[in-house]
1. Among the listed residues S140, S211, S190, which satisfies the condition of being within 25 Å of G120 (Cα to Cα), touching a Ser or Thr at 6+ places or on another chain (Cβ under 6 Å) and at pLDDT 95 or above?
2. Can you pull out the residues in the stretch 124-138 that are more than 13 Å from T151 (Cβ to Cβ) and surrounded by fewer than 14 Cβ atoms within 10 Å (Cβ to Cβ)?
3. Can you tell me which residues in the stretch 175-188 are touching a helix residue (DSSP H, G or I) at 6+ places or on another chain (Cβ under 8 Å) and within 15 Å of E154 (Cβ to Cβ)?
4. Please determine, by comparing only the residues of the stretch 21-36 that are of a type outside the set (A, V, I, L, M) and within 14 Å of the ligand (Cβ to nearest atom), which one is farthest from R183 (Cα to Cα).
5. If I ask for residues that are closer than 17 Å to E84 by Cα and among the polar types (S, T, N, Q), which ones from the stretch 11-28 would you list?
6. State which residue is surrounded by the most Cβ atoms within 10 Å (Cβ to Cβ) when the search covers only the stretch 148-174 and only residues that are out of contact with any Ser or Thr (no Cβ under 6 Å at 6 or more places or on another chain) and polar (S, T, N, Q).
7. Mind checking which residues of the stretch 1-16 are more than 14 Å from the ligand (Cβ to nearest atom) and among the small types (G, A, S)?
Amino acid sequence: MTPTVHGNTLIGPTATDIDDPDGVNTTAAELEDIQKKASNIVKNLPLHSVITSFAGLRAHEDGHEFIIGEVEDAPGFIDCAGIESPGLSSSPAIGKMVAEIIRDKLLLAKKSHFKATRKGIFNPNSLSFEKRQELIRRESAYGRVVCRCETVTEGEILDAIHRPLGARSLDGVKRRVRAGMGRCQAGFCSPRVMEILSRELHVPMSGITKSGGTSCLIMGVNKDSCKEGESNGTL
Ligand SMILES: Cc1cc2nc3c(=O)[nH]c(=O)nc-3n(C[C@H](O)[C@H](O)[C@H](O)COP(=O)(O)OP(=O)(O)OC[C@H]3O[C@@H](n4cnc5c(N)ncnc54)[C@H](O)[C@@H]3O)c2cc1C
């Protein structure tokens, strides 16, 4: 059981070998196993308060080695394969290693004005009540709560969209400021976040995706909003 930096509690995971390369379903048996093991640590876990459960696939390499480097028969293609646990903890070092491979290959020089750090997204909850009031008077977007479960304001979402490497999708916003991570799992704030993305990026609502690619959120025009056979073009 792990307390997260955001104050949630994480229970699990298990690690079970499966043959299905797409098998990311949570199963009753695995959840029961997690519950049994967790109850050895904490009695009477309030499992009715669980917000969500999910599963992922761990990469697997027969020799349990990370494979990092240029592929022999595909010059210029850098492999980062078989990144098993602890692949997440290793990722900063892997990134550095790949950058060095590319630097040596393309004879790149470091920019003199390269900034190695980025300013984090400002969280108004870190302010005292009085300071927050002051901020809201100056920038009213910090007074509009968009995600009620996680108390994420429009100001934070605008920051997430307009910073370097800004958010372009619903998940992009979620990963940066936690809008949609709470109890209702984005039931209330999804349309609001979509509207903000649409307005700020000048993309129609139909062009806003969950996580890029074809993960469309709007599939068509509601039958009530236009007469049969004709589109009102607003989606
Ligand atoms: C339950 C669980 C717990 C873990 N716990 C830890 C831990 O505590 N500490 C730790 O260090 N590591 C942990 N790991 C391992 C860690 O998550 C992995 O080692 C790491 O995520 C591997 O990184 P990766 O970039 O190689 O692959 P991934 O993180 O799997 O990224 C691959 C990406 O490619 C995308 N993708 C796949 N196919 C396509 C396609 N055809 N086109 C476009 N995109 C595609 C996927 O959507 C995904 O975003 C855990 C893994 C799991 C599953």
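1. Exactly one residue qualifies, and that residue is S211.
2. Matches in the stretch 124-138: S128, F129, E130, K131, Q133, E134, R137, R138.
3. R176, V177, A179, G180, listed by residue number.
4. Residue satisfying both the conditions and the ranking: P21.
5. T14, T16
6. Out of the qualifying residues, it is T153.
7. Once the filter is applied, which keeps residues that are more than 14 Å from the ligand (Cβ to nearest atom) and among the small types (G, A, S), the stretch 1-16 yields only G7.
The values are calculated or read from the model by the stated rules, or taken from the named source; none is laboratory data. None of the values given here were measured: they were computed from a predicted structure. A quick note on method: Cβ atoms are made from the backbone with ideal geometry, for glycine too, and the neighbour counts reach across all protein chains shown.
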